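Have a look at the structure below, then the notes.
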Amino acid sequence: MDLGLSEEQEMLRQFARDFLEKECPESHVRDMEEDDRGYSQELWAKMAEQGWMGLVVPEAYGGVGMGYLDLIILVEEFGRALVPGPFIPNCVATIALLEAADEAQKQAHLPAIASGRQVWTLAFTEPSARFDAAGVRLAAQRDPSTSLRVGGDGYVLNGTKLFIRDSHVADKLVVVARTGPSTLRPGSGQASAEDGVSLFAVDAGAAGVRHTPVRTIASDKQNEVRFENVRVPAAARLGEEGRAWPVFQRIANKATVLECAYLVGLSQQAFDITVNYTKERNQFGRPIASFQALQHKAADMATDVDGCRYITYKAAWAVAEDEPDADEQVHVAKAWVSDASRRVVANAQQMHGGIGFTKDYKIQLYFRRQKAAELAWGDADFHREGLAQALGI
């Protein structure tokens, strides 16, 4: 395992940082908080011109053909700049297509994503707020009206998805649905909720799909998405019916590490802003950076940021290489990064004093977005439990 960056990756990192410093300043982040769509189509088009929408899409489908680790580097820079909009959900949906779609589906969908013409997102979580297979309750039943054949040729979707990011601006949704009941596993005598889960590509504006905004502390754009007798053709199913959960676990692992990478960039920038502030802020005739108590906090923050980066890149490598312990590495990374990034932004606010808690100053932007990313794909407690189960303890 080599966690060092290649020359090409260093160039990607530096170019992305320079681009986002120019195109996504703090004023843009604040403007998008008040915007109903939550992102700028002009900036989206500029990012698409850089090939970022299709960074991991093979060249055969109009993409750049770079790897998952390259995407991690880019997302870290998005965390530094707090780039608003559906970039990460779009990446997750792209990964879902790469993992689950057949050749015809890839040819049909990936070029539009890579070019930036379409925005996709993933619809997984439901009101139960569970991240396991048992939490998938949205029903996809065979639609007899679409064919004279027994059982029909399409599906009817009914149910609710909750906390779905940027679905209101998406063209398509990758929907995780239940096409069959849980089944008994041989020899165990227990029902497995992992059986009967399927994936579908669904038009976000299809008849019967309703998006309702959910206000959050982070001011990101999350929605409740209701499916009421939404009809989709069988060709919209991604992969084999009822056997999508193992594939979805790979998708979820990659999505989880993307959130870790975002938190790494966010934490690094919150740390840098704070250190600069303590060097400029004078109290009792000297910079507050000279006070030992603040130096200790800064040392703790630096340790947390570097630890987050190391453990995130280690998990990203394990996932990209499909290592046997990839699940464990993802659990370790998300558990650690969730807690450590929260400590970093909390210390950042405290070291700024009263100004750190006002909306007029920028450090609160990092504090609020950290909370959203901390909860995405499970918080630290969820992943510690997952790690315990993976280790058999």
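Just so you know, all these numbers are worked out from the coordinates, no wet-lab data involved. The shown structure was predicted, so the numbers you read here are calculated from the model rather than taken from an experiment. Note that we place each Cβ from the backbone using ideal geometry, even for glycine, and neighbour counts take in every protein chain shown.
Couple of notes before you dig in:
- The value given for the chain is a Kirkwood hydrodynamic radius of 21.9 Å, derived from the mean inverse Cα-Cα separation.
- Principal-axis analysis of the Cα atoms of the chain puts helix 245-280 at an angle of about 20° to the longest axis.
- Anchor K254: lysines whose Cα lies under 18 Å away (excluding residues fewer than 8 positions away in-chain): K314, K334
- Shape descriptor for segment 243-339: Rg over Rh equals 1.19 (Cα atoms; Rh from the Kirkwood inverse mean 1/r).
- Computed from backbone phi, the HN-Hα couplings of segment 281-294 come to 7, 9, 8, 6, x, 8, x, 5, 5, 7, 7, 5, 4, 6 Hz, rounded to whole numbers (Karplus: 6.51 cos²θ - 1.76 cosθ + 1.60, θ = phi - 60°; Gly and Pro given as x).
- Exposed GluC sites (Glu not before Pro) absent - longest run of the chain, DSSP non-H/G/I/E/B, at most 15 other C-beta within 10 Å: 1-239
- Across the chain, the mean sequence separation of Cα contacts (distance under 8 Å, 6 or more residues apart), normalised by length, yields a relative contact order of 15 percent.
- Among P86, P25, P213, the largest mean-square fluctuation in a Gaussian network model of the chain (Cα springs under 10 Å) belongs to P25.
- The C-alpha atoms of the chain define a longest principal axis, and helix 363-375 lies at about 30 degrees to it.
- Taking segment 269-393 and dividing mean pair separation by its residue count, relative contact order in percent (alpha carbons under 8 Å, at least six apart): 27 percent
- Here the Karplus curve 6.51 cos²θ - 1.76 cosθ + 1.60, taken at θ = phi - 60°, turns the phi angles of segment 352-357 into couplings of 7, x, x, 5, x, 9 Hz, with x standing for Gly and Pro.
- Remark on A204: its backbone amide H falls under 5 Å from those of K172, L173, a criterion applied only to residues 5 or more positions apart or on other chains, H modelled at 1.01 Å from N.
- In the chain, helical runs assigned H by DSSP with n ≥ 4 each contribute -39500 (n - 2.57); averaged across all residues and rounded to the nearest 500, the mean residue ellipticity at 222 nm is -16500 deg cm²/dmol.
- Straight-line cross-link partners of K161 among the lysines, defined as a Cα under 20 Å from its Cα and at least 8 positions apart when in the same chain: K172, K221.
- Residue-span extension gain [A60 to R13] - 0.36 nm each, minus C-alpha spacing: 14.5 nm
- When each of K46/K279; K22/K359; K297/K371 is checked by Cα-Cα distance, pairs over 32 Å: K46/K279
- The phi-based Karplus calculation (6.51 cos²θ - 1.76 cosθ + 1.60; θ = phi - 60°) puts the 3J(HN,Hα) values of segment 378-384 at x, 7, 4, 4, 4, 6, 5 Hz, whole numbers, x for Gly and Pro.
- In a DSSP loop and with at most 15 other Cβ atoms within 10 Å, the trypsin sites (Lys or Arg not before Pro) in segment 1-78 are R37.
- Overall dimensions of segment 7-118 as given by Cα atoms, namely Rg and Dmax in Å: 14.0, 42
- Amide H contacts for V57 (H built 1.01 Å from N in the peptide plane; partners 5 or more residues away or on another chain; cut-off under 5 Å): V64, G65, M66.
- Percent antiparallel among DSSP beta bridges (both partners in the chain, rounded to 5): 85 percent
- Taking Cα atoms only, the orientation of helix 103-114 departs from the longest principal axis of the chain by about 30 degrees.
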